[in-house]
Amino acid sequence: MSRLSPLEERDGETVVRVPLTNGLTLTKGQTALTLVGILVLFGLPFLAGIVGLSWGRLFRGLLFGMAAVGLNLLLRHTELVSFGHAAFFGGGAYAVAVLAAHLDVSEGLLLLLAAVIVGTLLAAFIGYFVAGYVDIYFALLTLAFNAVIFATVFRSGFFNYNDGLAVRVGGDNPTLFGLGWTDLGYDLVLYYTTIVLMLVMLLLMWRLVHSPFGRALDAIGQDRTRARFIGIPVERYVWISFTISGLYGAFAGGVYALQRLHVQPEPTLYVFVSGEILFMAILGGFTTLVGPLIGGVLLVYLLEATRFSFYYYHAPIGIILLAIVFFMPKGIMGSLPDILAGLSRRASDPGLLGDDLQTIGSSIRRSLSRATTTVRILVFGVR
Amino acid sequence: MLEARNLRKEFGELRATDDVSLEFGTTPGEMVFIVGPNGAGKTTLVNLLTGLLEPDQGSVVVHEETDDGTTVERDITNVDPERRVNEGLVRSFQIVHVFEEMTVRENVRVAVLSRYDKLLSVRSRDDQHEDVEETVDDLLAQFRLEETQHEVAETLPHGDRKLLDVAMSFGLDPEYLLLDEPTSGVATREKEYVIETIVEASDARGVTTVTIEHDMDLVKTYADRLVVLVEGSVFREGDPTLLETDGELRRVLLGVTE
Amino acid sequence: MIDSFFVHTLNGLWYGFILFMIASGLTIIFGVLGILNLAHGELYALGAFVVFSVVGYATGLVASPEDPVSAVVFGVVVLAAALVAAAVLLPVGAFIEAVFVRPIYEREEVYQLLLTYALLLIFVDVMKFGWGTSPLDAGTYGGLNQIPTTELAGFGYPSYNIVAMLVGLAVFAWLVWFFDRSKTGRIIRATAINRDMATAIGVSTDRTFTLVFAMGAFFAGFGGAMVSIGPQTAFLEMGLDPLILSFVVIVVGGLGSLKGAFVGALLVGVISRWAIWLYPAVELAAPFAVMLAILLVKPEGLFGTWGEIE
Amino acid sequence: MTTGSHEPRDDGAAGIDRRDALKLVGGSAIAVALAGCAELLEDEDDAIEDADVPDEPIEAGLQTFLEGAPAVLGVQAEMGAETAVRRINDNGGVAGREIELDVIEEGEEALENYQQFVDDGKDVTFGPISSGNHEAMVPEINAQGVINVATDGTVTTLYEEDHPPEDNTYSFRFQNHDVMEALAAAVEAVEVLGVDEIDTYAGINPGYAFGFDEHEVFSAGIEQLTGAEEVYDGFPDLGADDMSTHIEAVNSEEPDVLFSSCWGGDATLLLEQGHGAGMFDNIELMVGPVLYGSANDLSEGLVDGPIRSGSRNFYWDEPTTDRWSPAADLFEEVVDEYDAVPTAHFMSGYGAVTAWATAAEKAVRLLGRWPEQDELAELLVGHGFHTPAGYHTMADDHQCYSNAHFGELAWSDDLDAAVLENVTVYAPEEVSPPQGKPSLEWIGGW
């Protein structure tokens, strides 16, 4: 099977085999996009400022996006909506904070490892109870677990209530790779370590979802009963995928704690953070691997930055989300191919633009007429 | 041999299965048809055998020949459905259950992966197991699904979906295959084709099949043995010619008065 | 101790009735439309803000309560104001359903979540635009407490709580009557059970759904209004916690079940008040612990029904 | 332990004359304006005229709670900061530089907001309100080196333990810390009821870090002073929708003193439900350090009963406005401009801006040029300045110390607003530990 050339022919198209993935391939276009993406990630600390964006904020966006990538394993494959993934993000973040604040552990990578272990164990624990549930019961059970964890941390002196814990031993930043760094050096080393780990984790997730196990999760998502009767131990597999999915959140939360160096319950554990992680996956495009990452960057950026530009800063985010629901039906990454195709068609045939205007006009007219009908219904009742 | 031993199941007041004792596969590879009027407890019986339901009383037992020729009994009454698949006990549903968003090939493949116990593997891509792919090819050929193998299951015509459902069951290498109305919803002219394909496949593999069927012409043509359920109990058991000869049976089943 | 137990239980019941008023709308919408409306808490908040404006006008029309008779008149006026405030939510709900929700019934559920979350965000700013950023107090609680209720039985308990419980009971009774007895209610139930069948016999599902959403919004708003004329203030984030608590209530009771929501609300109300009394440390976690316990033991909730109003 | 009704320390409440006032406040235009005595100013300020100061305006950022439940406090801080900026700009700016103030919602992201302010090139930042958010910010402030003067936002331990002066250069805090108000509440209770009358006490405090801290300090204080026994401590959620359970617990225990650090909507909810359930018939006295923070939301019925409230480092009518014109002017300005009564949080914003602006101007006079951040930070330590609330000093630990106020909650028909009567003023040293001494240790030594 193995050949030296990374290129191979498939269905009449030249595709690129990706190293370390046992034969997963990308089209030429996808390869180019991936390379650009990786370059952007590596250049981010230097590029962000040039285009007027905040690097730290983008970094946080990537972290929440990473949690969303984990959540997406459940959402896309087993088709389970989790409303409780902040538990693992926050669990990871608090593992770091507790070790640093109470046990004086100062090596960042050790802290990160602890975050992954604690968050994953938490996911395994919760997953054990929720794996047998589906649909909204699954969603609301995960939410309840999340809420109980939040309430416990929020009202416990050990976690210093809502004031949270600092990730600094004796007032210093943690060490990384056993070395102390300047503030900027710390941020850069942490960022690049994270990016490398993140790329590896994305690659692993990619392999996972294309493996027989990924296919089994798809089967569970599409028809649980059938899955059982072809011999899939459904609950055990859901449990495993729930745990893996929590691992991604725990990793992201751990890095978040190392980046922010102070962990509080509301930004990490509140159930609405769980909702946000879910929405990141959807708005980025949950049918794709990297969509949730993009969604994370976008939503975090919006949530943190709109207040600096707008007095009414909630509504703009709401309107953007509405636009995505209605005009990008598969989320940003999921809709990208359609949009690009549409754009190139319009480039070659400008006449289509007129049709677009008509479509928009008629959809607005439809909305208005629906709205007026509702008034009639209010007056005359259902019949 | 698969044995139902004094199975009983009640839903509230209703006794859906009432002390049913039956044996399937006394002759390996036999084709048993279960018939009976609506509400006779046919589907409940299949559900009890395959583990979708737990009986209130009685047990489900598998008899297996060991190498030295003796027979070993194993009680699987409380075994999960997914584990019963490992015992060679496989079923299909009255309403088609396939993985709607997968292609035909992927549907079959996931069943075969399960049979080869490779579902937990993450080391390789799902389509890179040569033994699996060969088996998938065989099944697709046998069920005449090669042409549609790259189509998504939800877009298939109904007859093909039924066949796909059965093909997946065969992909699990069953010893006993329980089919709940494999021809329901299939156009009359295709019914024969569906059953014919199933018969061929099970003959080729020596699979004991237990089929719930309403079409008495098909039953007459294909059954090795007949089980008639009425109001949860076994009413008749025997040769399909009973359908011709037993007046009471004809009255119960077909509403024919003679 | 016994007296305290009695008062704590009454407090729990009162809180449960409030929860029921909020959760009833959510469970109706979920039961019939199959949509988990994340903006439900904002509709509740909107009711609280609108009643602030309406009450200010309405109580200007009557003298402030000085004797039992004027107190009762005051109470009637305030309750009428709460109804008016909730009625404002009817067109709001209908508009939202018709313009935003209807186009996406066929889409995957997660988009409905994203959509209603977007609406939640927009609602916050609508209220910010309408009523500003500071908490507002309708200031009617003291007046309502002058209605003589428990004094007659020789024991002091806030009359507002008694009134709120009676109103909650009336809401429940009306909803049960509506879905069991009235023609429109039966049509809605039929639609919930089988949309295609309902369409086949000539029911407009569009209109049914709009009506149901509007009703859901009405009861959310009414809950908000009832809370706001009580001791609570109306403030911008007030919708978040009730939204989550409504989830708890409808899950405990069984999704889509009105009776379940009623029993679930009272259970959550009473158990959580007892818990805060006896084990103060669990204050924040109490409702969720109740929910976990019930769901892990009885997964379908107390009155488990799926996708239909019971 | 001396308590009782004090004259304000040395803010020259009575019989102030022009020269004294100018000398007192440092003589510069804005220092005088911010102290509320602009009409006293006569001379041109040569040192500042000649200084080498850039032309562009000072860019300042304030983050505070602008919406929702905590907006009760946050918006007051915003009004205060805006008022100070308005006064500065009307009087020619800080050494000629006007201040442009950006105000944004604090939310849960105080640290991120501060970073954005720095990215936006702010010369100075103010806020936040939340203590946890402030704690997260302090290291970042020191890393970035742009001075922040917190309007509120600290738990006692912030500068005592977590960020001692040797680790802290650029982070300052204007408002009194919570030890002062919680202890003032304990002392106040003893003053009003007498040591022998206090046998039991209870607490209803918001269930988050601030509430837990306040309860701990109050308990330590009242037990040290009276040997009273705690009979109930309840912690309703912040932004609670029901406190009936906690109130019933108090009713059944009938403590002599009820302590509550509830604020904003929680304070009004507690007062409303407390009145509804007859709670004030079951206690002798309620002391609440921040009840008056909700002054603009209180109605006549709510202030009824034996309730005394703190007002941190500022009560607008102390010294009374007829004796102290700066306070009178300020009160009038706030009512005109915002249609609201200023509370202690107004002074949080006002004082934070004043602390920085007066120090900056002092620096310009000393250096003959605009100061660098580190020079200004150094000058802020030990800096004394006036506001209409009196005289304030920024201590070595970067915490500002001012008088603490406590008074009886009452209703004014003239103002149609809640007021405090019989206000007691506590000097900082009476209710806060000396520099370098942890609070609880210090209380234990009373």
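Among D:368, D:353, D:334, which residue has its Cα furthest toward the positive end of the charge dipole of the range D:284-370, with +1 on Lys/Arg Cβ and -1 on Asp/Glu Cβ?
The listed residue farthest towards the positive side: D:368.
Leaving out same-chain residues fewer than 8 places away, which lysines sit with a Cα under 29 Å from that of residue A:330?
A:28
Using the Karplus curve 6.51 cos²θ - 1.76 cosθ + 1.60 with θ = phi - 60°, work out ³J(HN,Hα) for each residue of the range A:49-56 in order, rounded to whole Hz, and write x for Gly and Pro.
x, 4, 8, x, 9, 8, 5, x
Once you sort the root eigenvalues of the Cα gyration tensor of chain A as a ≥ b ≥ c, which label holds: rounded (a/c under 1.5), prolate (a/b larger than b/c) or oblate (the other case)?
rounded
What is the sum of charges, Lys and Arg at +1 and Asp and Glu at -1, for the other residues whose Cβ falls under 12 Å from the Cβ of residue B:129?
On the way: positive: A:215, B:109, B:115, B:118, B:123, B:125; negative: B:117, B:126, B:127, B:130, B:131, B:133, B:134.
It works out to a net charge of -1.
Test of understanding: express the Cα radius of gyration of the range D:326-441 as a ratio to 2.2 N^0.38 Å, with N the residue count. The partial results should precede the final answer.
On the way: Rg = 17.2 Å, N = 116, 2.2 N^0.38 = 13.4 Å.
After normalising by residue count via 2.2 N^0.38 Å, the value is 1.28.
Based on the alpha carbons, how large is the Rg to Rh ratio for the range D:173-224 when Rh follows Kirkwood? Provide the component values of the computation, followed by the final result.
Details: Rg = 11.6 Å, Rh = 11.6 Å.
Ratio value, two decimals: 1.00.
How high is the FRET efficiency between residue C:186 and residue A:312 when r is their beta carbon distance and R₀ equals 41 Å, given to the nearest 0.05? Could you put the intermediate results ahead of the total?
Numbers: r = 43 Å, r/R0 = 1.05.
The calculated FRET efficiency here is 0.45.
Pairs of alpha-carbon atoms within less than 8 angstrom and 6+ residues apart define the contacts here; what relative contact order does chain A have, in percent?
Values: 566 pairs, mean separation 98.7, N = 383.
Reported relative contact order: 26 percent.
Report, to one decimal in Å, the Kirkwood hydrodynamic radius for the range C:159-310 based on all distinct Cα pairs. Write out the running numbers ahead of the final one.
Values: mean 1/r = 0.0587 Å⁻¹.
Taking every pair of different Cα atoms in the range C:159-310, averaging 1/r and inverting gives 17.0 Å.
Viscosity 0.692 mPa s, temperature 37 °C: Stokes-Einstein D of the range B:2-254 from its Kirkwood Cα radius, in µm² per second?
Working: Rh = 18.9 Å.
Taking Rh from Cα pairs, D becomes 174 µm²/s.
What do you get for the angle between helix A:135-154 and the principal long axis of chain A? Use alpha-carbon atoms, 0 to 90 degrees, nearest ten.
Taking Cα atoms only, the helix is inclined about 30 degrees.
Can you count the Lys pairs in chain B whose Cα atoms are under 21 Å apart, with each pair 8 or more apart or on different chains? It would help to have the intermediate numbers written out before the result.
Working: B:9/B:42; B:42/B:162; B:42/B:191; B:42/B:220; B:162/B:191; B:191/B:220.
Total qualifying Lys-Lys pairs in chain B comes to 6.
Report ³J(HN,Hα) in whole Hz for each residue of the range C:51-63, in order, from the Karplus equation J = 6.51 cos²θ - 1.76 cosθ + 1.60 where θ = phi - 60°; Gly and Pro get x.
Result, rounded to whole Hz: 5, 4, 5, 5, 4, x, 6, 5, 6, x, 7, 10, 6.
Mind grabbing the accessible area of residue C:274 for me, 1.4 Å probe, Å², rounded to tens?
Residue C:274 has an accessible surface of roughly 80 Å² with all protein chains in place.
Can you list residues from other chains, or at least 5 along the same chain, whose modelled amide H is less than 5 Å from the amide H of residue D:67?
none
Report, in degrees rounded to the nearest 10, the 0 to 90 angle that the Cα long axis of helix C:258-278 makes with the longest principal axis of chain C.
So the inclination is approximately 40 degrees.
Using amide H atoms built 1.01 Å from N in the peptide plane, name the residues 5+ places from residue B:17, or on other chains, whose amide H lies under 5 Å from its own.
B:9
Over the Cα atoms of the range C:229-283, what Rg and Dmax result, in angstrom?
12.9, 32
Using 7 Å Cα-to-Cβ label points, what is the residue B:75/residue A:113 separation (nm, one decimal)?
Placing both labels 7 Å along Cα→Cβ, they lie 4.9 nm apart.
Using a 1.4 Å probe on the protein chains only, how many percent of the accessible area of chain D belongs to carbon and sulfur? If you can, show how the numbers build up before the last one.
Values: 5820 of 14310 Å².
Carbon and sulfur together cover 41 percent of it.
Can you pull the semi-axes for the protein assembly as shown, root of five times each eigenvalue of the Cα gyration tensor, sorted largest first, whole Å? Don't skip to the end; give the middle numbers.
Details: eigenvalues 857, 285, 161 Å².
So the three semi-axes of the protein assembly as shown are 65, 38, 28 Å.
Please return the longest range in chain B lying between exposed loop sites, taking trypsin sites (Lys or Arg not before Pro), DSSP loop only, at most 16 other beta-carbon atoms within 10 Å, and leaving the sites out.
Details: sites that count: B:123, B:144.
Here the longest run is B:1-122.
Amide H to amide H, which residues 5 or more places from residue D:411 or on other chains are under 5 Å from it, using H placed in the peptide plane?
Result for residue D:411 returns D:419.
Given the range D:240-283, what whole percent of its Cα pairs are spread farther than 16 Å?
Value for the range D:240-283 (Cα pairs over 16 Å): 27 percent.
Indicate the gyration tensor shape class of the range D:236-328 (rounded, prolate or oblate), computed on the Cα atoms with a ≥ b ≥ c the square roots of the eigenvalues: a/c under 1.5 is rounded; otherwise a/b larger than b/c is prolate and the rest oblate.
prolate
Test of understanding: given chain D, find the longest segment containing no trypsin sites (Lys or Arg not before Pro) that are in a DSSP loop and have at most 15 other Cβ atoms within 10 Å. Mind showing how you got there, number by number?
Working: sites that count: D:9, D:323.
After excluding every exposed loop site, the longest remaining stretch is D:10-322.
Using a 1.4 Å probe, what is the accessible area per residue for the protein assembly as shown, in Å²?
37 Å²
Sorted by accessible area with a 1.4 angstrom probe, largest first, how do A:50, C:122 fall? Walk me through the intermediate numbers first.
Working: A:50 135, C:122 40 Å².
From most exposed to least exposed: A:50, C:122.
Above 35 angstrom, tally the Cα pairs of chain D and express them as a % of all pairs, no decimals.
Numbers: 25373 of 99235 pairs.
Percent of Cα pairs beyond 35 Å in chain D: 26.
Let me see the pair-distance distribution of the range C:126-213: every alpha carbon pair, 5 Å bin width, integer percents in order.
3, 11, 13, 11, 9, 10, 12, 13, 10, 6, 3, 0
Just check the range A:1-98 against the gyration tensor rule for me: Cα atoms, a ≥ b ≥ c as the square roots of the eigenvalues, rounded for a/c under 1.5, and otherwise prolate or oblate depending on whether a/b exceeds b/c.
Working: a/c = 2.59, a/b = 1.44, b/c = 1.80.
In terms of gyration-tensor shape, oblate.
Output the antiparallel fraction of DSSP beta bridges having both residues in the protein assembly as shown, as a percent to the nearest 5.
Working: 53 of 102 bridges.
Bridges in the protein assembly as shown are about 50 percent antiparallel.
To the nearest µm²/s, what D does Stokes-Einstein give for the range B:1-89 at 4 °C and 1.567 mPa s, using the Kirkwood radius over alpha carbon pairs as Rh? Write out the running numbers ahead of the final one.
Details: Rh = 13.7 Å.
Estimated via Stokes-Einstein, D reaches 94 µm²/s.
Calculate the translational D of chain C in whole µm² s⁻¹ from Stokes-Einstein, where the hydrodynamic radius comes from the Kirkwood formula applied to all Cα pairs, the temperature is 10 °C and the viscosity 1.306 mPa s. Before the final figure, lay out each step's value.
Working: Rh = 19.8 Å.
Here the translational diffusion coefficient equals 80 µm²/s.
Normalise the Debye intensity by I(0) for the range D:327-391, one equal point scatterer per Cα, no solvent, then take log10 at q = 0.20, 0.22, 0.23, 0.26 Å⁻¹ and round to two decimals.
Cα-only, vacuum Debye calculation for the range D:327-391: -0.79, -0.87, -0.91, -1.05.
What total accessible surface area, summed over both chains, is buried at the interface between chains A and D, computed with a 1.4 Å probe and given in Å² to the nearest 100? Write out the running numbers ahead of the final one.
Values: alone 20530 and 16530 Å², together 34810 Å².
It comes to approximately 2300 Å² buried between A and D.
I'd like the projected area of the range A:338-380, averaged over all directions, using the convex hull of its alpha carbons. Report it in nm² with one decimal.
Details: hull surface 14.2 nm².
Value for the range A:338-380: 3.5 nm².
Ordered by residue, what ³J(HN,Hα) values in Hz, to whole numbers, does the range C:121-130 give under the Karplus form 6.51 cos²θ - 1.76 cosθ + 1.60, where θ = phi - 60° and Gly and Pro are x?
Working through the residues one at a time gives 4, 5, 4, 4, 6, 4, 5, 4, 5, x Hz.
In whole Å, how far is the Cα centre of the range C:8-80 from that of the range C:194-212?
Using only Cα atoms to place each centre, the spacing works out to 30 Å.
In degrees, nearest 10, range 0 to 90: what is the angle between the Cα axis of helix C:2-33 and the longest Cα principal axis of chain C?
With rounding to tens, the tilt is 30 degrees.
Just to be sure I understand the model, the point goes 7 Å from the Cα along the line to the Cβ. What's the resulting residue A:135 to residue B:155 distance in nm?
With each label placed 7 Å out from Cα toward Cβ, I get 2.9 nm.
Would you kindly compute the Cα radius of gyration of the range A:239-383 and its largest Cα-Cα separation (Dmax), both in Å?
20.4, 61
Restricting to DSSP loop positions (anything but H, G, I, E, B) with no more than 14 other Cβ atoms inside 10 Å of their own Cβ, which GluC sites (Glu not before Pro) remain in the range D:306-377?
Details: sites: D:332, D:333, D:337, D:361, D:372, D:375; in loops: D:372.
Hits after loop and neighbour filter: D:372.
What are the extents of the Cα atoms of the range A:1-51 along their three principal axes, listed from largest to smallest and rounded to whole Å?
That gives 45, 21, 14 Å along the principal axes, largest extent first.
The values are calculated or read from the model by the stated rules, or taken from the named source; none is laboratory data. Quantities reported herein were computed from a predicted structural model and do not represent experimental measurements. Positions of Cβ are generated from backbone atoms using ideal geometry, with glycine treated the same way; all protein chains shown enter the neighbour counts. The area values use the complete protein model at the heavy-atom level, side chains included, leaving out ligands, DNA and RNA. Shrake-Rupley method; radii C 1.70, N 1.55, O 1.52, S 1.80 Å.
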